[in-house]
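Asks: Once you've had a glance at the structure underneath, I'll fire off some questions.
The values are calculated or read from the model by the stated rules, or taken from the named source; none is laboratory data. In this text the structure is predicted, and so the values were computed from the model without any measurement. Cβ placement follows ideal geometry from the backbone for every residue including glycine, while neighbour counts extend to all protein chains displayed. Side chains included, ligands, DNA and RNA excluded: accessible areas come from the protein's heavy atoms. Shrake-Rupley method; radii C 1.70, N 1.55, O 1.52, S 1.80 Å.
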Amino acid sequence: MTKNTVIMLTVKAIESAKPKEKPYKLPDFESLYLYITPTGTKSWRYDYQFNGKRKTLTIGKYPYISLSDARNEKELARQMLAYGKDPAVERKRKTLLANIAQGNTFKKITLEWFDTKKRNWSINTREMIIRYFEKDIFPFVGDMDIAQIKPLEMLNCLKQIENRGALEIAKKMRQRCTEVFQYAIITERAENNPARELAKAMVTHTPENYAFLMEDDMREFMKALQSYSGNILVRYATELLILTAVRTMELLSCKWEYVDLDKRYIILPKESMKKSRVHVVPLSNQAINILKFLQPITGRGEYVFFGRNSSSKHMSNGAILGLIKRLGFANRATGHGFRHQFSSVLNEHGFNRDWIEKQLNHEEGNVRGIYNHAQYLEGRREMMQWYADYIDSLTA
């Protein structure tokens, strides 16, 4: 055998190759070789240099890829290198395009999953779920092959939701995406579920006093509240709390002298406010109706909602928490949580963020906030009426 003799593999040598304790290679020509594992799996691989780095292209398993086919694939890879292209990257791109052509995109599979599940949901829930996918998920990963999506790519989607303060929605969408990936695994179009472990990288929990209800749960809650046959003052205090989005003690300590039904607002003095500033609360038609109903009952006293044992004292916070518990929503809803629900719903429906923050009495006491006070009031009137109608629509 001369010095320049080229040793090349033969089919006979490939067939007779047996597994060993450790993986080993049977070299062919120009860095093409057969890789044999201890389990007996044989696969074609090609080592090459790209941008100064050593890389390996896995061509395919033997005998599905024959010796001659493996050599042809190696030559194609060499041509790509000659044109400055990375063979491994080009192969992934080709696979991605093939999967897209077969309909294996995240969006396509999500819509399949949605079609199998939608009969279990109300119309509002269906619309909400698909709206969040279209707004928050599809723009980022919708056109990607579902089998190629990495955990970081899913995390970036969900962080976009977290960053606008919609923590519960981010949590729910992670759960929905987990279901989509599980569906893809069951239907053999993915092997991994990159959304499953993301809870550890997200805001891990909402504080207990921030717990609030998603739309279907809120529908259930409102139906239970409207059929509640206990203390009518506690029922309407809870309903007004939902309709005004004020803090629980701000509502319960509200006096009739703060209420102006003609001008359709409540003016809460700074002494009763957490932020120690006057807060104007515009009232929806529904809130006005509740107050008009209550006026003959408690209007001769000082407080809109007086206590069980004395009309000279306001209702306690425990009364509303007790009602929530009796309705079966303990640890799922709280008085303060209704404010978070209010913020989440209105932000998701595109209302002016300044109006929302003003209604929650969150805005900073700066010149801009004072200057725009009148403008905010008119905008908030419109917003509060929309929200009251939205709450009504849940039980329509």
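Asks: Output the number of residues of region 230-239 satisfying the condition of being open to solvent by less than 10 Å² (accessible area, probe 1.4 Å) and under 17 Å from residue 213 (Cβ atoms).
Replies: Here the count works out to 1.
Asks: So how many residues does region 161-198 have that are among the small types (Gly, Ala, Ser) and at pLDDT below 80? Full working, then the answer.
Replies: Going through region 161-198, the residues among the small types (Gly, Ala, Ser) turn out to be 165-166, 170, 184, 190, 195.
With at pLDDT below 80 added as a condition, the list becomes 165-166.
Number of matching residues: 2.
Asks: Pick from region 120-159 the residues that are at pLDDT below 85 and in a helix (DSSP H, G or I): which of them is farthest from residue 201 (Cα to Cα)? Give the derivation first.
Replies: Here is the first cut: in region 120-159, the ones at pLDDT below 85 are 120-128.
Among the residues that remain, those that are also in a helix (DSSP H, G or I) are: 120, 123-128.
Numbers: 120: 30, 123: 32, 124: 30, 125: 27, 126: 27, 127: 28, 128: 25 Å.
My answer is 123.
Asks: Another question about this same structure. Filter region 65-84 down to the residues that are outside any loop (DSSP other than H, G, I, E, B) and out of contact with any helix residue (DSSP H, G or I) (no Cβ under 8 Å at 6 or more places or on another chain) and list them by number.
Replies: The first filter runs over region 65-84 and keeps only residues outside any loop (DSSP other than H, G, I, E, B), leaving 67-82.
Result: 68, 69, 70, 71, 72, 73, 74, 75, 78, 79, 82.
Asks: Okay, next question. Would you confirm, using the coordinates I've provided, whether residue 209 is closer than 21 Å to residue 332 by Cβ, at pLDDT below 85 and polar (S, T, N, Q)?
Replies: Numbers: closer than 21 Å to residue 332 by Cβ: yes; at pLDDT below 85: yes; polar (S, T, N, Q): yes.
Yes, satisfied.
Asks: Taking region 306-350 as the region of interest, how many residues are open to solvent by less than 70 Å² (accessible area, probe 1.4 Å), in contact (Cβ under 8 Å) with a residue 40 or more places away in the chain and under 24 Å from the mean Cα position of the chain (by Cα)?
Replies: Of the residues in that region, 17 qualify.
Asks: Going through region 136-169 one residue at a time, which ones are under 16 Å from residue 214 (Cβ atoms), without any contact (Cβ under 8 Å) to a residue 60 or more places away in the chain and open to solvent by 50 Å² or more (accessible area, probe 1.4 Å)?
Replies: 167
Asks: I need a count of the residues in region 210-231 that are in a helix (DSSP H, G or I) and free of Cβ contacts under 8 Å to residues at least 60 places away in the same chain.
Replies: Taking region 210-231 as the starting set, the residues that turn out to be in a helix (DSSP H, G or I) are 210, 215-226.
If we keep only those that are free of Cβ contacts under 8 Å to residues at least 60 places away in the same chain as well, we get 220.
Total satisfying the criteria: 1.
Asks: Within region 15-42, restricting attention to residues that are touching a Pro at 6+ places or on another chain (Cβ under 8 Å) and aromatic (Phe, Trp, Tyr), which residue is surrounded by the most Cβ atoms within 10 Å (Cβ to Cβ)?
Replies: Step by step, filter region 15-42, then rank; the result is 33.
Asks: In addition: Among the residues of region 67-76, are any loosely packed, with under 15 Cβ neighbours inside 10 Å and touching a strand residue (DSSP E or B) at 6+ places or on another chain (Cβ under 6 Å)?
Replies: no
Residue-wise test of (1) closer than 24 Å to residue 387 by Cα; (2) in a helix (DSSP H, G or I); (3) among the hydrophobic types (A, V, I, L, M, F, W, C).
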site	(1), (2), (3)
320	yes, yes, yes
324	yes, yes, yes
329	yes, no, yes
333	yes, no, yes
336	yes, yes, no
341	yes, yes, no
344	yes, yes, no
351	yes, no, yes
